Amino acid sequence: MSDIYTELISKDWTTHSNENSLVRYDKLPTYDTFIRECLLKNRPALFTASCGFMDDWSCITEWLNKDRTEPDFDRLINLYGHMTVPVTKCSSTITEYSSDDNKLTMRFDEFVNLWRNNETTAEYYCKDWHLQKMSGETKPLFYSVPTYFQSDWLNEKCLAENEDDFRFVYMGGDGTNTPLHMDVLGTYSWSANICGRKRWRFSKPHSIEFIQEPGDILFVPSEWYHDVTNIGFTISINHNWFNAFNILRIWKHLCATLEDIEHRIEDCRSVMSDTWHAHCQLILQANEGLNFASLYKLLYIIAQRRMKENQDEYKRFDLWMIDKLIREILHHSIFLYAFDLDTFPERPKVLLKQIHSFIEKQKQ
Ligand SMILES: O=C(O)CCC(=O)C(=O)O
């Protein structure tokens with residue numbers, strides 16, 4: 001195994017705190033450097049345009065005008081005008097991140113006409129658009145996922161199961177914004193500016209403010225609160241994701257949210273008796289898109305895929321982390337109360353045995 005994975009498997013690195021600064025990369029770092037400087041420290045990073053990530057992205061040539069500074073609105077309408085897109089109405093009175101009051105859907109051509117119009121440009125923000133998924137998986141990606149973000153269990157599972165993914169396109173005018181929030185489940189995100197600029201403000205655990213220029217890609221660590229404001233006509237591509245480096249944070253986030261749900265419906269406990277735990281898990285799934293059972297299923301899917309693929313160091317590292325997490329989940333008594341393990345694709349203890357014998361075989 002390469003030094004870094006051997007090192008990670010042999011020591012407890014999972015309790016590292018959040019580093020209080022933004023790393024700026026003007027040249028591509030090695031993946032090991034990114035792991036050490038950002039993933040292990042849960043620290044934000046800005047890969048500037050000079051890293052050249054977008055040099056061969058077709059969205060740059062297809063979506064922008066000749067000098068690549070602004071969107072080519074007519075071309076965008078030609079390409080996607082008929083599609084229905086999610087649009088958020090930005091207004092100074094709505095500051096709550098997930099409020100549904102300001103969420104609309106409309107045809108993309110209708111949105112573009114609001115976006116290019118001075119009177120409405122600051123008001124309508126097309127966000128969380130699953131454009132790649134809606135265009136069909138057979139169409140080539142109009143961008144490529146930088147190496148640093150390719151180990152992504154969340155989108156890997158969604159694509160394998162043909163579920164809604166966490167790959168988005170954002171388009172908005174000067175002043176459109178995303179209010180203060182932490183990303184869903186405490187996931188990482190990465191955000192690539194195709195055109196326009198964004199002002200980012202991290203406020204917790206540390207405050208940092210900076211501008212993301214066109215061509216820059218930002219890595220947002222787990223559980224960092226931030227708000228974002230667009231400057232000029234802005235298009236960005238963005239993924240939410242998790243992997244072996246932040247899965248324990250996701251797990252802790254789920255446990256904390258469950259505690260909160262349990263607290264809120266404590267008064268129904270005596271009436272519901274033996275279905276109460278299952279009910280709490282249903283609410284957890286509805287609120288977060290994941291509960292203990294669906295997290296286990298995700299781990300099962302990733303583990304099966306890793307055991308089929310040709311061995312590679314990071315795959316063994318993934319299996320090591322999956323094993324560690326399944327043990328933690330099994331220690332949580334709720335897991336056994338809330339679910340009938342016979343309905344699972346594989347009982348957790350059987351899966352653990354499979355992983356062990358796979359790892360042992362690989363060592364020979
Ligand atoms: O670009 C935006 O408006 C929001 C992006 C964001 O919050 C993120 O990537 O985590």
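Structure remark: mean-square fluctuation, Gaussian network model of the chain, C-alpha springs under 10 Å; the largest value among 84, 343, 178 belongs to 343.
Normalising the average separation of contacting C-alpha pairs (under 8 angstrom, six or more residues apart) by the number of residues puts the relative contact order of the chain at 15 percent. If you wrap the Cα atoms of region 178-333 in a convex hull and average its projected area over all directions, you get 11.7 nm². Modelled label positions at residue 312 and residue 341, each set 7 Å beyond Cα in the direction of Cβ, lie 3.2 nm from each other. Take each peptide in 228-236, 73-81, count the other Cβ atoms within 10 Å of every residue, and average; sorted highest first, the result is 228-236, 73-81.
Taking label points 7 Å from Cα along the Cα-to-Cβ direction, residue 323 and residue 78 give a separation of 5.6 nm. Counted by Cβ distance under 14 Å from residue 239, the other residues give a net charge of -2, where Lys and Arg count +1 and Asp and Glu count -1. Computed across region 250-355, the Kirkwood hydrodynamic radius from all distinct Cα-Cα pairs reaches 14.8 Å. Close amide H contacts of residue 195 (hydrogens built in the peptide plane, cut-off under 5 Å, sequence separation of 5 or more or a different chain): 235. Applying 1/(1 + (r/R0)^6) with r as the Cβ-Cβ distance of residue 55 and residue 135 and R0 = 22 angstrom yields a FRET efficiency of 0.50.
Cross-link partners of residue 349 among aspartates and glutamates, defined as those whose alpha carbon lies under 18 angstrom from its own and excluding same-chain residues fewer than eight positions apart: 318, 323, 328, 340, 360.
Just to verify a number: FRET efficiency for residue 62 and residue 109, C-beta to C-beta distance, R0 = 22 Å, to 0.05? Present the calculation step by step, with values, prior to reporting the outcome.
On the way: r = 17 Å, r/R0 = 0.75.
So, using R0 = 22 Å, E works out to roughly 0.85.
Relative to its Kirkwood radius, the Cα radius of gyration of the chain gives an Rg/Rh of 0.98. Mind pulling the angle between the C-alpha long axis of helix 276-288 and the longest principal axis of the chain? Nearest 10 degrees, somewhere in 0 to 90. In the chain, helix 276-288 runs at an angle near 30 degrees to the longest axis. Distance from the C-alpha centroid of region 291-338 to that of region 1-70: 25 Å, rounded to the whole angstrom.
All of the numbers you see were taken from the coordinates with simple rules; none came from a lab. In this text the structure is predicted, and so the values were computed from the model without any measurement. Cβ coordinates were reconstructed from backbone atoms using ideal geometry, including for glycine residues, and neighbour counts include every protein chain displayed.
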